[in-house]
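Q: So that we are looking at the same thing, I have put the structure below in structure tokens.
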Amino acid sequence: MATLSPDSIQTATVEAFGKVKPSQFGDSEFQSVLFKTATGEQIWKSYTVSSPELSQLKKGQRVTLLYRGLKHGKPSYDVVIGLLSGQAEAVPPIPSPITAPSPVTDEAKRTIARDIETSAKLYRFCLETARNQVGELLGNDLALVKDVATTLFIQSLR
């Protein structure tokens, strides 16, 4: 059977629950749920037993499946609980962001400039630190040193 296409929304019914099994690492348990779409396609999704989503699912319940792409070579879906048949088509479209830009005040421009200058100084410090700490290990390859500096910069912003 064909899988759902990207960005598709489709209703499905909870058909069955699998047995509770330990995870491959033994640190938790999971349970698989079988969903059946209106076209007859069967889709399995696993949940940890402690998952709030799993506790909300009941056999025969209608849900909405949102295709999210491939995960480990298999189609992956998000399950939305509470949308019934016919409501999937009623999902409001995302509004178009076509609006006139608001004028930026001089004070806002100065604040942005200060933020950019501060970020540039921080990146320069990260670059110097990367060069001093790991430059020799990387053969003083500027591209690799920049990669390390960028990682340090991003980590410092978290």
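The values are calculated or read from the model by the stated rules, or taken from the named source; none is laboratory data. Not measured: the values here are computed from a predicted model. FYI the Cβ positions are ideal-geometry reconstructions off the backbone, even for glycines, and counts take in every protein chain you see. Surface areas here come from the heavy atoms of the whole protein model, side chains and all, with no ligands, DNA or RNA. Shrake-Rupley method; radii C 1.70, N 1.55, O 1.52, S 1.80 Å.
Q: Among Ser28, Ser8, which is the only one that is open to solvent by less than 80 Å² (accessible area, probe 1.4 Å) and modelled with pLDDT under 80? First the steps, then the outcome.
A: Details: Ser28 fails: modelled with pLDDT under 80.
Result of the check over Ser28, Ser8: Ser8.
Q: Across segment 48-57, which residue is surrounded by the most Cβ atoms within 10 Å (Cβ to Cβ) among those that are over 10 Å from Ile81 (Cβ atoms) and touching a residue at least 12 places away in the same chain (Cβ under 8 Å)?
A: Among them, the one singled out is Leu54.
Q: Would a scan of segment 132-149 turn up a residue that is open to solvent by 100 Å² or more (accessible area, probe 1.4 Å) and at pLDDT 90 or above?
A: At the first step, the residues of segment 132-149 found to be open to solvent by 100 Å² or more (accessible area, probe 1.4 Å) are 132-133, 136-137, 140.
Filter once more, so that each one left must be at pLDDT 90 or above: 132.
Checked against the condition, which is being open to solvent by 100 Å² or more (accessible area, probe 1.4 Å) and at pLDDT 90 or above, segment 132-149 yields at least one hit.
Q: Taking into account only those residues within segment 34-49 that are among the β-branched types (Val, Ile, Thr) and assigned to a loop (DSSP other than H, G, I, E, B), which is modelled with the lowest pLDDT? Show your work before the answer.
A: The initial filter retains those residues of segment 34-49 that are among the β-branched types (Val, Ile, Thr), namely 37, 39, 43, 48-49.
Adding the requirement that they be assigned to a loop (DSSP other than H, G, I, E, B) leaves 39, 49.
Values: Thr39: 84, Val49: 89.
Selected residue: Thr39.
Q: Only residues in segment 23-47 that are in contact (Cβ under 8 Å) with a residue 24 or more places away in the chain count as the first member; pair them with residues that are part of a strand (DSSP E or B) and among the basic types (Lys, Arg), Cβ under 7 angstrom, at least 6 apart or cross-chain, and list the lot.
A: Partner pairs satisfying both residue conditions: Val33/Lys45; Phe35/Lys45; Gln42/Lys36.
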